2 protein chains.
Amino acid sequence: MKKRNVRGSTSGRPIMALLDLLGRRWSLRILWELRDQPLTSRALRTACDEASPTVLQARLSDLREANLVELVPASGYQLTTLGRELHEHFLPLHRFAERWSKQRA
Amino acid sequence: MKKRNVRGSTSGRPIMALLDLLGRRWSLRILWELRDQPLTSRALRTACDEASPTVLQARLSDLREANLVELVPASGYQLTTLGRELHEHFLPLHRFAERWSKQRA
DNA sequence: TCCTGTGCTACAATAAACGTAGCGATACGC
DNA sequence: GCGTATCGCTACGTTTATTGTAGCACAGGA
């Protein structure tokens, strides 16, 4: 059984697969919320404005399969080394978002 | 009439609004495809694996309203200064995606 | 035992995305 | 003028994704 294909990955261009994965709902948000501490599935749900557990679980499966997030029984969901590395690229987003929100009046 | 709310922006935290906007399908991809030249709506569609024009137009509306993309009659759709600035953060993603795809065998 | 919290799932309803087709407007050659 | 082509964009019916509510099995702790 072929492992679930990341949409848009047909081209074999990894960047497309990545953009697709991150473009699914709550993906970016999850990576963001796990940025500085592990969260249990329910804490994560609270952090994500009570998003439905169905999608969260689906996204967590995607992210775990992509080796960006892992589940550690003792503490909960957390970023893998790879996931943390990816998050580094998003760190400046916070400041950007502030400027962005001011400029779009 | 209040301008269309970006989902998840109820908290007033700009980062959430941004993550939500970028988390819609094709948002990231569009920003990516426009990275180094303007594209007409049809060229953009071709670049995005023939995605349906319905969503593309919807996303382009979102991105234009967010002041990340603009339509210049002579050349087509292109990143605004703000959009280009945002894209800077994604540039390293290309190399990351390469490593990522290798590590997930 | 009972209570609580964990990760996770079922299921019906809603919303988003898809695919195909086509619109009005504009710009060309003839 | 007349066809032809392209532009940005939209209608509409189908499929897929997401939502919201409820609840499962399991593992501690009291």
What are the pairs with Cβ atoms under 7 angstrom where one residue, in segment A:49-60, is under 15 Å from B:Asp20 (Cβ atoms) and the other, located anywhere, is near DNA strand C (Cβ under 8 Å from one of its atoms) and part of a loop (DSSP other than H, G, I, E, B)? Sequence gap at least six, or different chains. A:Val55/A:Arg25
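Report whether or not B:Arg13 is modelled with pLDDT under 95, within 8 Å of DNA strand D (Cβ to nearest atom), within 19 Å of A:Arg29 (Cβ to Cβ) and more than 7 Å from chain A (Cβ to nearest Cβ). Lay out the reasoning, then the answer.
Details: modelled with pLDDT under 95: yes; within 8 Å of DNA strand D (Cβ to nearest atom): no; within 19 Å of A:Arg29 (Cβ to Cβ): yes; more than 7 Å from chain A (Cβ to nearest Cβ): yes.
The answer is no for B:Arg13.
Just checking, does segment B:89-103 include any residue being part of a loop (DSSP other than H, G, I, E, B), modelled with pLDDT of 90 or more and within 11 Å of chain A (Cβ to nearest Cβ)? Break it down stepwise before answering.
Going through segment B:89-103, the residues part of a loop (DSSP other than H, G, I, E, B) turn out to be B:91-92.
Adding the requirement that they be modelled with pLDDT of 90 or more leaves none.
No.
Before we move on, is A:Arg24 within 23 Å of A:Pro92 (Cβ to Cβ) and within 8 Å of DNA strand D (Cβ to nearest atom)? Spell out how you get there, then give the answer.
Numbers: within 23 Å of A:Pro92 (Cβ to Cβ): yes; within 8 Å of DNA strand D (Cβ to nearest atom): yes.
Criteria met by A:Arg24.
Give me the residue from segment A:56-83 that is surrounded by 15 or more Cβ atoms within 10 Å (Cβ to Cβ) and assigned to a helix (DSSP H, G or I) and, out of that set, nearest to the other protein chains (Cβ to nearest Cβ).
So the first thing to find is which residues in segment A:56-83 are surrounded by 15 or more Cβ atoms within 10 Å (Cβ to Cβ), and the list is A:56, A:59-60, A:62-64, A:66-70, A:76-80, A:82-83.
From what's left, assigned to a helix (DSSP H, G or I): A:56, A:59-60, A:62-64, A:82-83.
On the way: A:Leu56: 13, A:Arg59: 10, A:Leu60: 15, A:Asp62: 12, A:Leu63: 11, A:Arg64: 11, A:Leu82: 6, A:Gly83: 10 Å.
Among residues in segment A:56-83 that are surrounded by 15 or more Cβ atoms within 10 Å (Cβ to Cβ) and assigned to a helix (DSSP H, G or I), the one nearest to the other protein chains (Cβ to nearest Cβ) is A:Leu82.
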Select from segment B:25-36 the residues that are modelled with pLDDT of 95 or more and away from every other protein chain (no Cβ under 11 Å) and list them in ascending order. B:Leu34
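The values are calculated or read from the model by the stated rules, or taken from the named source; none is laboratory data. This is a predicted model, so every value here is computed, not measured. Positions of Cβ are backbone-derived with ideal geometry, glycine not excepted, and every protein chain shown enters the neighbour counts.
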